1. Name the pairs: first residue in segment 295-314 and in a loop (DSSP other than H, G, I, E, B), second residue hydrophobic (A, V, I, L, M, F, W, C) and modelled with pLDDT under 80, Cβ to Cβ under 9 Å, at least 6 apart or on different chains?
2. Against the conditions (1) at pLDDT 95 or above; (2) assigned to a helix (DSSP H, G or I), where does Thr62 fall short? Just the number, please.
3. Check Leu187 against each of (1) open to solvent by less than 10 Å² (accessible area, probe 1.4 Å); (2) assigned to a loop (DSSP other than H, G, I, E, B); (3) out of contact with any helix residue (DSSP H, G or I) (no Cβ under 8 Å at 6 or more places or on another chain); (4) not acidic (Asp, Glu) and name the one condition it does not meet.
4. Of the conditions (1) within 23 Å of Ile310 (Cα to Cα); (2) touching a Leu at 6+ places or on another chain (Cβ under 8 Å), Pro242 fails just one. Which one is it?
5. For the subset of segment 442-460 comprising residues that are open to solvent by 20 Å² or more (accessible area, probe 1.4 Å) and outside any loop (DSSP other than H, G, I, E, B), which member is modelled with the lowest pLDDT?
6. From the residues in segment 317-337 that are touching a Phe, Trp or Tyr at 6+ places or on another chain (Cβ under 7 Å) and either among the hydroxyl-bearing types (Ser, Thr, Tyr) or in a strand (DSSP E or B) (or both), which one is surrounded by the fewest Cβ atoms within 10 Å (Cβ to Cβ)?
7. Out of the residues in segment 402-441 meeting the condition of being assigned to a loop (DSSP other than H, G, I, E, B) and modelled with pLDDT under 95, tell me which one is least open to solvent (accessible area, probe 1.4 Å).
8. Could you please give the count of residues in segment 280-297 that are on the phi < 0 side of the Ramachandran plot and open to solvent by 10 Å² or more (accessible area, probe 1.4 Å)?
Amino acid sequence: FFFFASPMASLFAKQQLLNSKVASSAQRSCAVPLAVRPSSKQSTSRASPAPSSWSPCVRQTTVRAQASAVVEMAVPGRVDGLITPHGGALINLQLPASQWDAAIKGCTKTLEASDRNACDVELLSIGAFSPLTGFLSQEDYESVVNNMRLLSGDLLGIPIVYDTDRDDVDVGDKVLITYKGQNIGILHVSSKYVPDKVKEASKVYGVTTLEHPAVQMIALERGKFYLGGKLQGLQVPTRVFPCQSPAEVRASLPKDEDVLAFQCRNPIHRAHYELFIRALDAPNVKNPGAACLVHPTVGPTQDDDIPGAIRYQTYEVLKAEVNNPRLRWAYLPYSMHMAGPREAIQHMIIRKNYGCTHFIIGRDMAGSKSSLTGDDFYGAYDAQEMANKHAPELGMQTVASLNIAYTQEKGYVTADIADREKLTKLNLSGTKFRQMLRAGEDIPEWFAFKSVVKVLREAA
């Protein structure tokens, strides 16, 4: 067990606030103090890990073997030459503009959305969260927290909820949701409940400590109540970058071909590019004709991540620089949870709705580190194992990211080739890269694209 160090007064203050927010639910169902990491015996959402005695190489080989097994099992259904959306149909909750005024007049309450709420309203409205037709009721919320499934049986990695501190919002209200001067949706409230946030943290994120960014989020940012009910979409939030809907992205994809999804939340450097370009030639990808959807998240992430507007600029200049016809580019207004294995499932479901048959998944995907110790919350291959486990049910396939290295002799090669041929590897840490960027030093072109570096320098 891990407890906060006594000098961390500010964290103690946060912890007291967290305990006060969840005291009633904690008394009902959780005997674990909120500041304590669950032990290995406690239930979490993680897939069963490989034996701890395995070396990283053996474990990675095993994960890839599991991925190969998935190839034989995943036979995606198709609609109009593209993979069938999750749940069988692509949901569209957008109300025609001609009906907005009448619908708004019928609203009984108004709520201003947070940045995270606004992302969820948009993704629900455009069908990215298909088959959902609104925010989760208490029953569906509890089912997803406990079992990673809706009551219908459909998979869902992370519960989609609308939070508020408003006591005056009741079941039966029609709530106009606003965001920065826009009317973005109407929520027909059919469920209002006080969530068990301790249990949600333990089950969804695998930990209950405030060292995890998402535990801080649900405890200190989200309101006391969750609201569930049907949603009607109005205006799509205005952003400095365009975010295509699943229907729009699907219209741009090749028919009856494999489509890989590459998820990221940071600027793309040379190694990332090599990963998704090489993934197009993976053994379980049908060629020629396969394409890769580069689909970064541009919503809220961790506090120390580069803002979405700047990341968007780096992607746009890179798209123009590489000009690769096998790539498609789109941007996802999704709020990252850093939930590791469960978030991998969430991303797979979303990309399936956008038309992708394959999902590229790397080491420690959507993982995070303790804000105190720097320790990883999830194992390096936990997300891959969870993805491989559920890929057949989703009708998708996984492509594990290759472990690649840059060498003086041959450029980028897989790490096993570099080791076998005793090639000279070149390394540049993220910390060193940021230092060089701030100091105006030349960044090696083997590490980063010039166009991307230029954007980052100008933003700094």
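1. none
2. (1)
3. The failed condition is (2).
4. Among (1) within 23 Å of Ile310 (Cα to Cα); (2) touching a Leu at 6+ places or on another chain (Cβ under 8 Å), Pro242 violates only (2).
5. Once the filter is applied, the top-ranked residue is Ala459.
6. Within segment 317-337, the match that is surrounded by the fewest Cβ atoms within 10 Å (Cβ to Cβ) is Trp329.
7. Step by step, filter segment 402-441, then rank; the result is Leu428.
8. 8
The values are calculated or read from the model by the stated rules, or taken from the named source; none is laboratory data. Just so we're clear, the structure is a prediction, and the values are computed from it rather than from any experiment. Glycine also receives a Cβ, built like all others from the backbone with ideal geometry; neighbour counts cover every protein chain displayed. In case anyone asks, the SASA skips ligands and DNA or RNA and just uses the protein heavy atoms, side chains included. Shrake-Rupley method; radii C 1.70, N 1.55, O 1.52, S 1.80 Å.
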